[in-house]
Amino acid sequence: MLPDSPLPARSLPAGIPVAQTSPSPTAAVTLDSPALDVMTDLTQVRAATTHPTTTLRQAEQIMIHQGVRMLFVVSEMPSLEGLITTTDLRGDRLVRAAQQRHARYEELCVADAMTPLSMLDAIDYEALKRARVSNLVATLKKHGRNHLLVIEAASGSAPERVRGVISRAQIERQLGTVIEVPEIAHNFAEIAHTFAETE
């Protein structure tokens, strides 16, 4: 084809469908598989994000549209403030927030439901590279978490950063089994939060 040749164009039939993404099936793993097999690598997969002031309904729509169950909460990229999951979109914390503020669910925002950075646990990327899936399961159980952030150390001119995320739900899908993780309060803020939810 000559460089200046136009491509042939044609009319479209009514109702022609738009191609939909079809994510590749998640590979099955065993407890002895490398831990990297279950990490969502943010250098390979674009982080799904939302703003703290996004309404919960909007956050839910973002999750549905992007096919994810968790969003990174950021006011300004790339500084992380916390996470919000599908589980966070429902539950006692939101009921209490609505009651305290005399607000309807529609008026609540991501900041009302997210897990702040101070309440998240992280593991080092270098340690993860030497670990197995069984090590991650043990870590989730020990810390009572559904998610762990993976931190990559600073190198050269690049600062320390969140390289990836470990999700209990993803490990369960890849293992084909349920992982029982106990709820554990880790600091005074979480303990106070737990008491507030049980009052």
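Tabulated values for the structure
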{"quantity": "Nonlocal amide H pairs with GLY82, under 5 Å, H built at 1.01 Å", "calculated": "VAL73, LEU117"}
{"quantity": "Label point distance in nm, GLU107-LEU2, each placed 7 Å from Cα along Cα→Cβ", "calculated": "6.8 nm"}
{"quantity": "Two-decimal Rg/Rh across the stretch 37-143, once Rg and the Kirkwood Rh are taken from alpha-carbon atoms", "calculated": "1.02"}
{"quantity": "Charge dipole (debye, nearest 20) of the chain; +1 at Cβ of Lys and Arg, -1 at Cβ of Asp and Glu", "calculated": "380 debye"}
{"quantity": "Packing-based ranking, highest mean first, of 142-153, 44-55 given that Cβ atoms within 10 Å are counted", "calculated": "142-153, 44-55"}
{"quantity": "Cα shape, the chain, gyration tensor, a/c 1.5 rule", "calculated": "oblate"}
{"quantity": "Helix-only CD estimate at 222 nm, as mean residue ellipticity for the chain, using -39500 (n - 2.57) per DSSP H run (n ≥ 4)", "calculated": "-8500 deg cm²/dmol"}
{"quantity": "Restricting the stretch 38-101 to GluC sites (Glu not before Pro) in coil, as DSSP defines it, with at most 11 other Cβ within 10 Å", "calculated": "GLU76"}
{"quantity": "Estimated FRET transfer efficiency (LEU31, HIS143; beta-carbon r; R0 25 Å; 0.05)", "calculated": "0.90"}
{"quantity": "Percentage relative contact order, the stretch 35-186, counting C-alpha pairs under 8 Å, at least six apart", "calculated": "26 percent"}
{"quantity": "Inter-site label distance for THR177 and SER75 at 7 Å from Cα along Cβ, in nm", "calculated": "4.4 nm"}
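FYI, it's all coordinate maths here, none of it is from the lab. Please read these numbers as outputs of a predicted model, since none were measured by experiment. We place every Cβ from the backbone using ideal geometry, glycine too, and count neighbours over all the protein chains shown.
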